[in-house]
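Just so it is clear, none of the values below were taken in a lab; they were calculated from the coordinates. Nothing here was measured: the structure is a model prediction, and the numbers come from that model. Ideal geometry is used to build each Cβ from the backbone, glycine not excepted, and the neighbour counts take in all protein chains shown.
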Amino acid sequence: MRRLALGFLLVAAACTEEATAPGDCPNFCPGGQIVVQDSIFTTIIERDSAFRGYVQVYQADAMTAADLPDVQSRALVVLSTMITRVAPKTGDTATVPIAVDSSRLRLKMVRRNRATTNLWLKLYALPTTTDSTASFASLDSYFGATPIDSVSIDDLLSRPLITDTATLRLWGDTIQTDSAGHVLQTADSAKVLTLFFDFDTLQAPFVVADSGRLGLGIRVTADSLASAAFATTESGSDAPSLLWFYHYTIPDTVSATPDSVAQASQLRTPKFDSFVFDPPIPALDDNLAVGGVPSARSLVRVAFPAFLRDSFDIVRATVILVPAVAALGLPADSFTVLARPIQTDLGAKSPLSLGSGGSVVVRPGSTDTVRIELTNLVRSWALDTTIATAFFLGQQPEATSFTEIRFYSSRAPAFRPALHLTYVKRFPFGEP
Amino acid sequence: MTLRPVVALAIVMAIWPSDRLAAQDSQFGIRGLGTPGKWESVRARSAGGAFAPFDAFSPLMDASLADVRRMSASVTSGTSWRSIDAVSGAQTSLRGTRFPALVISGPLTGRISIGGGFTTYLDRSFGIITQDTIDLRGVPQPVTDEVTSDGAVTDLRLAAAVRIHRRLAVGAGFHLLTGSSRVIATRSFADSANYKTSTSRDEVAYEGQGASLSALVDLHADLRIAGWFRSDSKLRADVRGRTTEENDLPLTYGAGVLWRPGGQAILAGTVSWRNWASTGPGAGPNAHDTFNWSLGAELGSASSPIRFGVRGGRLAFGVGTTPTEVGYSAGLGRQFSGGRGRLDLGIERLERKGTGLTERVWTFLLGLTVRP
């Protein structure tokens, strides 16, 4: 009987269910139906505004140099101060001056128009006092001078790879080099170029009075539509850098041998990097501006209908934006427009939320309607009434170029932003 | 074997979640109020249901409780394997395990016995998957819908039986219809990158009451007849506290006869009617009045009998013509612990036919009765 009892318990425990079958509708299906509705809500986006000044040009991840028919842009770098004296002996407070022999500049080109031919990069000396107040006009004369160095990117890329072990040991990777000694390392299928320039003291003078500070301007030229972006300090380890090579004399006060000479080097990164361009971006207007420099964002508020919270399940949500003008930007350099949720609605200073938003890639020059999928965000509005039903439109990355797009706002009735929702009506449970 | 584990098992069965109480699912019940349960113990069901009016542990009739002379409990479980042949040619196999009945009863006085327990009034467990292509934003979009319901309307019974005369016993019962079903409707899209799956969940609560009357008459020492009548109130379905549906429930009545032609043979037959067609707008034209019959026999000693039976009739719900059901069953029982316990095993084969669908069901039945 114990076995029988055990068997009984096993049967009781074996409640494996397989109760779902293909439906033979309508005869053998529940009376209700899952109904999907699709509507474009043209008036629920309201009180939308654009604000500028979120990311300044000198705070951007990249700096753009361009030579376009409509826009000229130039990158600039002011390197940090350098030591002018060293203490040659440990524990000795006496110092001796250093004598700079040469320097090596590293620039990382993170983006370029690869359709451009005969792309040249030219470096110019800039005042060490250059700062965020500098404008295109104020620096224009310096870019009119003779460049301290220039390099043909196309020429460098056409050079053979140097792969010998000595080179690999010295550079850490294969390199390409031209007759002038410029060195190129490529990454990510040659999308990212790391350029090295060797300067003598005439090209990059070490001025003790300036504490070794150095200002450099970067300009690009090409057969047409030249543009390139360079990593900045904000991008981290990809920042421009200058390696100063110097020597100094160690005074010999003990033996009768002559003073010895020591060689050393020190790396300096920018104290300031930025870019200037002309013409400047137009002032904000009634439209929803996104991007540009300093970066602009647009706050879009949605009067979320209560009935969508109660009776419907949103399965897809798309915000529809109509560009007011063709997106301004670098040719062949599409950019991303992000729609990001906010934590609370404080107007221009609304803090961004970590919640999921949406994004879309926009091609410069395009006037096509932009659609951004915001399903997760809008679903969260339906589920949680405490969430601010608004989002910011912004560019990704911000302020790295003069690229900007402007959408019609709710003040333009014919082209105002709209929310396209696909939603499922609540199933009529409880009815046969 | 001590009886403590068995009693404990009976208690476990008694408090088992209500969504496992369903008797037996059927696709025919989806468009109706559900699949009516079979108010039968394993003993009765193994004999086609013919012994149900005379079996105190079948929750069909209250008067039969008068035969219970000791405190007893009985639990029924069934595991079903169901195949569905749709007219479209599609064939599906389903399975499920249920605990459709529990009866506890005992004498209150020498003439009065009381009892109670639960059984399935309407089973509401099913799952349906359908596929379709709809036009969304100007693009044909394949979708898959799944609607599942897991639960039942459970009949909680409190009954009493009085032996008025040595040849006559009458019984009455109060029935509380309760229970719920967890329902989920899901639509998923083939383009899952753009369209999120939509899921609606809810719980439908059911409520109703009923009363039953029955009588057992011993015409002769070997011949007994039974009759029963039951009336129920409206069945209310509530979702989130809001009544979504109210349906009349049918009158139930029937009669049975049991004959003992010898010391080791019992024959029985029953007929029953239920007017489901008047259950109201919820069931609509898919509801049908039912007439069901059964014949069964129990052979052998009372301690280890063999049973078999046949049943037939009509189903309450189905599109078009009234679906029919034919069943064959067999089983055996075995007493243990000096008659303090009984284990019943049974197997049942059902075939249900209706417009556009044929269902075939194998059910393995296991019942345990204890008299502590």
Study note, to complete from the structure: For segment A:213-303, averaging the sequence separation of alpha carbon pairs under 8 Å that lie six or more residues apart and dividing by its residue count, the contact order in percent is 18
Check your understanding: Quick one: net charge of B:Met71's neighbours, Cβ under 13 Å, K/R +1, D/E -1?
Key -> +4
Revision key, fill the gap. Chain A: relative contact order from alpha carbon pairs under 8 Å, six or more residues apart, as a whole percent, is 26
Point to revise | Degrees, to the nearest 10: B:4-14 long Cα axis against longest axis of chain B | key: 40
Check your understanding: How high is the FRET efficiency between A:Ala115 and A:Phe136 when r is their beta carbon distance and R₀ equals 22 Å, given to the nearest 0.05?
Key -> 0.30
Check your understanding: If the label point is 7 Å along Cα→Cβ of A:Ala209, which residues in segment A:69-87 have backbone nitrogen under 11 Å from it?
Key -> none
Point to revise | Spin-label model distance (nm) - A:Gln343 vs B:Ala90, 7 Å beyond Cα toward Cβ | key: 5.0
Exercise for review: Label the protein assembly as shown by shape, choosing from rounded, prolate and oblate, from the square roots a ≥ b ≥ c of the eigenvalues of the Cα gyration tensor; if a/c is under 1.5 it is rounded, and otherwise prolate applies when a/b is larger than b/c, oblate when it is not.
Suggested key: prolate
Check your understanding: Taking the Cβ of A:Tyr54 as the center, what net charge do the other residues with Cβ under 9 Å away carry, scoring Lys and Arg +1 and Asp and Glu -1?
Key -> +1
Revision key, fill the gap. Segment A:316-357 scanned against label point 7 Å out from A:Ile40 along Cα→C-beta; backbone N under 12 Å for A:319-322
Point to revise | Gained length - B:Arg340 relative to B:Leu108, 0.36 nm times residue gap less alpha-carbon distance | key: 81.6 nm
Check your understanding: Counting only other chains, what is the mean number of Cβ atoms within 10 angstrom of the Cβ of each residue in peptide B:309-321?
Key -> 1
Review point. R0 = 51 Å: FRET efficiency of A:Ala306 with B:Glu351, Cβ-based, nearest 0.05?
Key: 0.50
Check your understanding: What spacing in nm lies between the two simple spin-label points modelled at A:Arg85 and A:Thr386, each 7 Å away from Cα in the Cβ direction?
Key -> 6.2
Check your understanding: Just counting partner chain Cβ atoms within 10 Å, what average do the residues of peptide B:192-203 show around their Cβ?
Key -> 5
Review point. Could you give the length gained on full extension between B:Thr133 and B:Asp67, defined as 0.36 nm per residue of separation minus the Cα-Cα distance, in nm?
Key: 17.7 nm
Revision key, fill the gap. Everything considered on the Cα gyration tensor (a ≥ b ≥ c; rounded for a/c under 1.5, else prolate if a/b is larger than b/c, else oblate), chain B must be described as prolate
Point to revise | Over segment A:265-420, relative contact order from alpha-carbon pairs under 8 Å, at least 6 apart, % | key: 37
Practice item. For a quick protection proxy, order the peptides A:104-115, A:365-376, A:131-142 by their average other-Cβ count within 10 Å, most packed first. Key: A:104-115, A:365-376, A:131-142
Practice item. Quick one: among A:Gly31, A:Gly355, A:Gly212, which has the greatest mean-square fluctuation in a GNM of chain A with alpha-carbon springs under 10 angstrom? Key: A:Gly31
Check your understanding: Cα gyration tensor of segment A:72-278, axes a ≥ b ≥ c as square roots of the eigenvalues: rounded (a/c below 1.5), prolate (a/b > b/c) or oblate?
Key -> oblate
Check your understanding: How about B:Lys196: which lysines have a C-alpha closer than 25 Å to its C-alpha, ignoring those fewer than 8 places off in the same chain?
Key -> A:Lys425
Study note, to complete from the structure: So for R0 = 25 Å, FRET eff. of A:Thr167-A:Lys191 from the Cβ-Cβ r, to 0.05, ends up at 0.65
**Study point:** Two-site label geometry, A:Thr221 and A:Thr174: point separation in nm, points 7 Å out along Cα→Cβ
**Key:** 3.2
